[in-house]
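Data first, discussion second: the structure below is written as structure tokens.
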Amino acid sequence: MSVSPPPLKRRRLSNSKTDVGATVSVRTSTIEPLRIYSWNVNGIQPFIQKPITSFFQPKKSSPKQAKAETKATASFRDFLRRHKWPTILCLQEVKISPDDEATKLAVQKAVKSAKAEEPDYEAHFCLPSDPHNARGFGRKVYGVCTILRKDFATKHKHSVRTVDWDLEGRIQVVETEDPKLSIWNIYAVNGTDNPYKDSKTGAITGTRHDRKLAVHKHMLEEAKALEARGYGVIIAGDLNIARSRLDGHPNLRTFPQQHVVNRMDFNKKFFEADDGLEAIDTYRHIHGDEKGYTYYPRGRKFGSSCDRVDLIMCSKSLEGSLTDAGVLASEKERGPSDHVPLFATFDLEEHRPAETEAEEVQ
């Protein structure tokens, strides 16, 4: 498997010669760098205060106990502030029931700014509606939430949508027209031997491994169709795939064999095949063969067993715009989850079909 090299330094253009009297195009506005963070939080509850109705229980508690119980143990605002106000924060595995309006409102409150000098954010949800494959735990399974900075949303014509081939609350898409971007927040299927059922009839059509491979196919088709329409595609989230030996410690998972098949299919479709997406793995593009992991299971010493299963990958057309990427691998950044956040930064001036005006060189 080939690994993309670190990006080449851009050539300086300040010394290039231009004929006197020639007309050149110059940009009339600039775009702030696009900074995308992604994090599988493994449940949203530690980040929000419980609604007051959750305390209407027969067992009485003192006011002091109730106050302690309502306090969130982690803070989205602290996270956003610590990382200098990312443009987009993609959260996976939020585990919110689609009928739980109180929790959705609590998340909106948790990301809202209380200070005029700090950026404000809005939260968008994609939660499970599949009646046959997302029923456990009161439907508090899967789910993604995209936290979007309001000034970015206001400045750029944008839309937020889902895809018609997912009803498990796994994929949400933010799209902008200037520049033309399609940014995916994804919590990919974790392949298992458990049955997968037709979302309409409930009939068993295969295993969760089969469903994972089908989702790869849907993802590729959707991404290529968007690229054909001029969009740069950015896919961020928990892909539930460790791409190579570099991405598993102490070992890469190779049993059962179907995990190897899933990995090969993913790499072929998105990175290797000429008729695939030929995407850029942002972490590998910036850091080469340097090891960096995103999944750190709880109950084990931090770093003793870990995998890079969370990725931010992008269209090849965005390769020149990618300026930074990384993994925030520490117990502090892991917080109450079993994953750590990752990020990628794009300078989109070159990608944008910017408005230009003619300027005569004197």
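The values are calculated or read from the model by the stated rules, or taken from the named source; none is laboratory data. Only a predicted model underlies this, so the values are computations on that prediction, with no experimental measurement involved. No Cβ is skipped: glycine too gets one built from the backbone with ideal geometry, and neighbour counts run over all protein chains shown.
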Residues of the stretch 59-100 being modelled with pLDDT under 95, surrounded by 13 or more Cβ atoms within 10 Å (Cβ to Cβ) and either hydroxyl-bearing (Ser, Thr, Tyr) or outside any loop (DSSP other than H, G, I, E, B) (or both), in sequence order, are 66, 70, 75
Pairs where the first residue, in the stretch 218-246, is without any contact (Cβ under 8 Å) to a residue 60 or more places away in the chain and within 11 Å of residue 186 (Cβ to Cβ) and the second is among the hydrophobic types (A, V, I, L, M, F, W, C) and in a helix (DSSP H, G or I), C-beta under 8 Å, 6+ apart
219/270
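Yes or no: the stretch 112-134 includes at least one residue that is of a type in the set (Gly, Ala, Ser), buried (at least 18 other Cβ atoms within 10 Å of the Cβ), touching a helix residue (DSSP H, G or I) at 6+ places or on another chain (Cβ under 9 Å) and at pLDDT 95 or above. Break it down stepwise before answering.
Going through the stretch 112-134, the residues of a type in the set (Gly, Ala, Ser) turn out to be 113-114, 116, 123, 129, 134.
Among the residues that remain, those that are also buried (at least 18 other Cβ atoms within 10 Å of the Cβ) are: 123, 134.
Now drop any that are not touching a helix residue (DSSP H, G or I) at 6+ places or on another chain (Cβ under 9 Å), which leaves 123.
So of that shortlist, the ones also at pLDDT 95 or above come out as 123.
So far as the stretch 112-134 goes, yes, one or more of its residues are of a type in the set (Gly, Ala, Ser), buried (at least 18 other Cβ atoms within 10 Å of the Cβ), touching a helix residue (DSSP H, G or I) at 6+ places or on another chain (Cβ under 9 Å) and at pLDDT 95 or above.
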Counting only residues that are in contact (Cβ under 8 Å) with a residue 60 or more places away in the chain and of a type in the set (Ser, Thr, Tyr), which one in the stretch 170-200 is surrounded by the most Cβ atoms within 10 Å (Cβ to Cβ)?
187
Can you find, within the stretch 148-169, the residue that is surrounded by the fewest Cβ atoms within 10 Å (Cβ to Cβ) among those that are among the basic types (Lys, Arg) and under 16 Å from the mean Cα position of the chain (by Cα)?
161
Do you know which residues across the stretch 253-275 are of a type in the set (A, V, I, L, M) and assigned to a loop (DSSP other than H, G, I, E, B)?
273
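Do you know which residues across the stretch 223-238 are surrounded by 14 or more Cβ atoms within 10 Å (Cβ to Cβ) and either among the hydrophobic types (A, V, I, L, M, F, W, C) or in contact with a Phe, Trp or Tyr (Cβ under 8 Å, 6 or more places away or on another chain) (or both)? Reasoning before the result, please.
Looking only at the stretch 223-238, we keep the residues that are surrounded by 14 or more Cβ atoms within 10 Å (Cβ to Cβ), and these are 223-224, 226-227, 231-238.
The answer is 223, 226, 233, 234, 235, 236, 237, 238.
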Just give me the residues in the stretch 203-252 being within 25 Å of residue 284 (Cα to Cα), in a loop (DSSP other than H, G, I, E, B) and among the aliphatic types (A, V, I, L, M), in sequence order.
239, 241, 242, 252
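For residues that are part of a loop (DSSP other than H, G, I, E, B) and either out of contact with any Leu (no Cβ under 8 Å at 6 or more places or on another chain) or aromatic (Phe, Trp, Tyr) (or both), tally how many sit in the stretch 319-334. Give the steps one after another, and end with the answer.
Step one: list which residues in the stretch 319-334 are part of a loop (DSSP other than H, G, I, E, B), which gives 328-330.
Checking the rest, the ones that are also either out of contact with any Leu (no Cβ under 8 Å at 6 or more places or on another chain) or aromatic (Phe, Trp, Tyr) (or both) come to 329-330.
Qualifying residue count, the stretch 319-334: 2.
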Of the residues in the stretch 147-185, those that are among the polar types (S, T, N, Q) and in contact with a Ser or Thr (Cβ under 7 Å, 6 or more places away or on another chain) come to 172, 185
Report the residue count in the stretch 276-304 for those that are touching a strand residue (DSSP E or B) at 6+ places or on another chain (Cβ under 7 Å) and among the small types (Gly, Ala, Ser).
2
Kindly establish whether residue 163 is of a type in the set (A, V, I, L, M) and closer than 20 Å to residue 131 by Cα.
yes
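Can you name every residue in the stretch 276-318 that is basic (Lys, Arg), loosely packed, with under 15 Cβ neighbours inside 10 Å and outside any helix (DSSP H, G or I)?
291, 298, 300, 301
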Selection from the stretch 101-121 of residues that are outside any helix (DSSP H, G or I) and closer than 23 Å to residue 310 by Cα:
none
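Say we look at the stretch 253-275 and pick out the residues that are of a type in the set (A, V, I, L, M, F, W, C) and in contact with a strand residue (DSSP E or B) (Cβ under 8 Å, 6 or more places away or on another chain); which of these is surrounded by the most Cβ atoms within 10 Å (Cβ to Cβ)? So that I can check it myself, show each step before the final result.
As a first pass, look at the stretch 253-275 and keep what is of a type in the set (A, V, I, L, M, F, W, C): 255, 260-261, 264, 266, 270-271, 273.
Filter once more, keeping what is in contact with a strand residue (DSSP E or B) (Cβ under 8 Å, 6 or more places away or on another chain): 270-271.
Numbers: 270: 24, 271: 20.
Of everything passing the filter in the stretch 253-275, 270 is surrounded by the most Cβ atoms within 10 Å (Cβ to Cβ).
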What are the residues in the stretch 101-111 that are of a type in the set (D, E, K, R) and buried (at least 18 other Cβ atoms within 10 Å of the Cβ), if any?
104
Answer yes if at least one residue in the stretch 176-199 is among the basic types (Lys, Arg) and within 24 Å of residue 258 (Cβ to Cβ), and no otherwise.
yes
Subset of the stretch 80-111 (residues that are basic (Lys, Arg) and under 20 Å from residue 187 (Cβ atoms))
95, 104
